Amino acid sequence: GMFVGQHGSWNRNPPSGYKVLFVPFRGGRPAGPAVDVLTGFLTDKGEAHGRPVGVAIDGRGALLVADDVGNVIWRVTAA
């Protein structure tokens, strides 16, 4: 599968994006619905705490997410 960072759109109502999804693949093609992996970038009032702009996997298997609002890179690991 593949991880997808959705940067978010400031001019939509309701807001869209602002999350990271996982899209499962089988045989080199998408094979099922996308699953939310990382959310919570928007407050209840619709203000952005972060906007994911890029995703990668590091050498130890963690998901790295670049955030251009928080100016940080999040490192996400399995529980």
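The values are calculated or read from the model by the stated rules, or taken from the named source; none is laboratory data. Worth saying up front: this structure is predicted, and the values here are computed from it rather than measured. All Cβ positions, glycine included, derive from the backbone under ideal geometry; neighbour counts span all protein chains shown. Remember, those area values only see protein heavy atoms, side chains included, never the ligands or the DNA or RNA. Shrake-Rupley method; radii C 1.70, N 1.55, O 1.52, S 1.80 Å.
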Contact order normalised by residue count of the chain, Cα under 8 Å, 6+ apart, percent: 23
J(HN,Hα) series, the range 42-57, from Karplus relation 6.51 cos²θ - 1.76 cosθ + 1.60, nearest Hz, glycine and proline x: 10, 6, 4, 8, x, 8, 7, 7, x, 9, x, 10, x, 10, 7, 10
The range 1-60 - percent of accessible surface contributed by carbon and sulfur, probe 1.4 Å: 50
Where chymotrypsin sites (Phe, Trp or Tyr not before Pro) fall in DSSP loop in the chain, at most 14 other Cβ within 10 Å: Trp10
Distant-in-sequence amide H partners of Asp68 (H built 1.01 Å from N, under 5 Å): Arg51, Val53
Amide proton proximity set for Val37, modelled H, under 5 Å, gap of 5+: Val20, Leu21, Phe22
In Hz, Karplus ³J(HN,Hα) per residue of the range 62-79 (6.51, -1.76, 1.60; θ = phi - 60°; x = Gly, Pro): 7, 8, 9, 10, 7, 10, 8, 8, x, 6, 9, 10, 7, 10, 10, 10, 5, 5
Accessible area per residue, Å², the chain with all protein chains present, probe 1.4 Å: 70
